[in-house]
Ligand code: ADP
């Protein structure tokens, strides 16, 4: 302000002096008139210069470009400086809110759930990629399209027509096929003035798990009901008929078989639920491989003897590389024992009396350990192989039941191997025999050196 006043004063003085000097040179009588004219002209010049500076500031403010702010002194300089500071602050706030919006949108994009924003006329304002994939819409192409015109599924149409938004609906997702189904749950939420938020979620796995649970319960009930029916039939017979002692003993033996069958089934179910519910086995417990092989060999001999007809004894051989004699498996001994014992018991049960069973252990080329159970039994047709580890899946139902099978053995083996970071590999040729291999990674076994 001071600079402004001083500059005006200076210019007025200069103008008066020039006027006075001019009058003096021309020998004019009334010098003071020239003095006043000089001052007036100087004041006018000051005003024009000031107006030009003001105009530069206004032009710059109109452009709003911080980069071309004019360099000035005095009052206009201060106006420019303050305006520049305000503009910079506004730009920073704008950048920050733009960044927040971007972060917010990328967070919604990253969500595994779909999000669609609809206006009051159910026109699409925005949707994330998950929703686009699940519903088959495109956020750019379908912008401001009515969602009802794009999704024609009657389930969805009926859902959008109802006023109740507390319920969700499940419909077929985009590109759902029989071999690769996609089921999508859609839930509406109201917000703002008549706007709606659609949340979508892939529920295919949830529905499959629910179906599996239903099947499992139905299978277990069926498996338990069969021996229970037989048992109660015998109990009724024993209660109503006056049987001879021999017959009574025969019936009691049959009842014991059925009770044993139920017992085995419950044991296998408990084993499965224990496997599912307990943490992954650590690496601290050691199970000597030779002990595991010995225990399973004795079990196999006993089972084979109990199943085989007189005189027909299966040939059972357990072989192990010399170098592995002192090696140990690292994991849960009970589980490892149960896995091998299930395979060996299957080999014995599904191989004829004069067949051959061989169990061998060897190190693999990548540092792992493989225990293979081979038999010369009936073999399994290729189409059954991928489903063998499903619970209650049996190739020959009656043969499995006759020999005391529950249909859960291979499911248990697969689980045990998964928990130990290994795999169960199966190959078989119909009519020639089968081979089941337990393959452990290098971290799950150790060769103990002897002194
Ligand atoms: P199960 O208790 O019925 O033996 P598993 O889960 O152990 O149930 O096996 C599933 C099915 O796989 C069996 O019912 C049988 O049909 C088939 N299977 C398993 N092991 C063999 C084998 N060594 N030889 C032929 N078939 C086998």
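The values are calculated or read from the model by the stated rules, or taken from the named source; none is laboratory data. Values in this document were obtained by computation on a predicted structure and should not be read as measured data. As a convention, Cβ positions derive from the backbone with ideal geometry for all residues, glycine included, and neighbour counts pool all protein chains shown.
Tabulated results
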quantity	calculated
Unique residue being within 31 Å of the chain's Cα centre (by Cα) and under 20 Å from residue 415 (Cβ atoms) when the list is 292, 275	275
Subset tally (residues that are crowded, with 17+ Cβ neighbours inside 10 Å and more than 18 Å from residue 318 (Cα to Cα)) for segment 351-378	2
When residues of segment 412-439 are limited to those that are farther than 17 Å from residue 347 by Cβ and assigned to a loop (DSSP other than H, G, I, E, B), the one farthest from the ligand (Cβ to nearest atom)	421
Hits in segment 312-360 (condition: out of contact with any helix residue (DSSP H, G or I) (no Cβ under 6 Å at 6 or more places or on another chain), within 16 Å of the ligand (Cβ to nearest atom) and not in a helix (DSSP H, G or I))	315, 317, 350, 351, 352, 353, 354, 355, 356, 358, 359, 360
Meets criteria (surrounded by fewer than 18 Cβ atoms within 10 Å (Cβ to Cβ) and either under 18 Å from residue 204 (Cα atoms) or in contact (Cβ under 8 Å) with a residue 12 or more places away in the chain (or both)) for residue 114	no
Residue list for segment 392-411, filter: within 15 Å of residue 342 (Cβ to Cβ) and either over 33 Å from the mean Cα position of the chain (by Cα) or near the ligand (Cβ under 7 Å from one of its atoms) (or both)	393, 394, 400, 403, 404, 405, 406, 407, 408, 409, 410, 411
Boolean, residue 267 is outside the structural domain of residue 360 (by TED's automatic domain parsing), free of Cβ contacts under 8 Å to residues at least 24 places away in the same chain, in a helix (DSSP H, G or I) and under 42 Å from the mean Cα position of the chain (by Cα)	yes
Residue within segment 234-257 that is within 16 Å of the ligand (Cβ to nearest atom) and out of contact with any strand residue (DSSP E or B) (no Cβ under 8 Å at 6 or more places or on another chain) present	yes
Matching residues, segment 133-149, being surrounded by fewer than 19 Cβ atoms within 10 Å (Cβ to Cβ) and within 15 Å of residue 186 (Cα to Cα)	133, 136, 148
Residue count, segment 380-392 (criterion: within 21 Å of residue 429 (Cβ to Cβ) and crowded, with 17+ Cβ neighbours inside 10 Å)	3
Members of segment 361-378 found to be near the ligand (Cβ under 9 Å from one of its atoms) and within 12 Å of residue 293 (Cα to Cα), listed by number	373
Restricting segment 393-411 to residues that are outside any loop (DSSP other than H, G, I, E, B) and either assigned by TED's automatic domain parsing to the domain that holds residue 273 or crowded, with 18+ Cβ neighbours inside 10 Å (or both), the residue that is modelled with the lowest pLDDT	400
Filter pass, residue 243 being farther than 26 Å from residue 371 by Cβ, surrounded by 13 or more Cβ atoms within 10 Å (Cβ to Cβ) and modelled with pLDDT under 90	yes
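Here's the yes/no breakdown for (1) modelled with pLDDT of 90 or more; (2) under 60 Å from the mean Cα position of the chain (by Cα):
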position	(1), (2)
43	yes, no
46	yes, no
65	no, yes
90	yes, yes
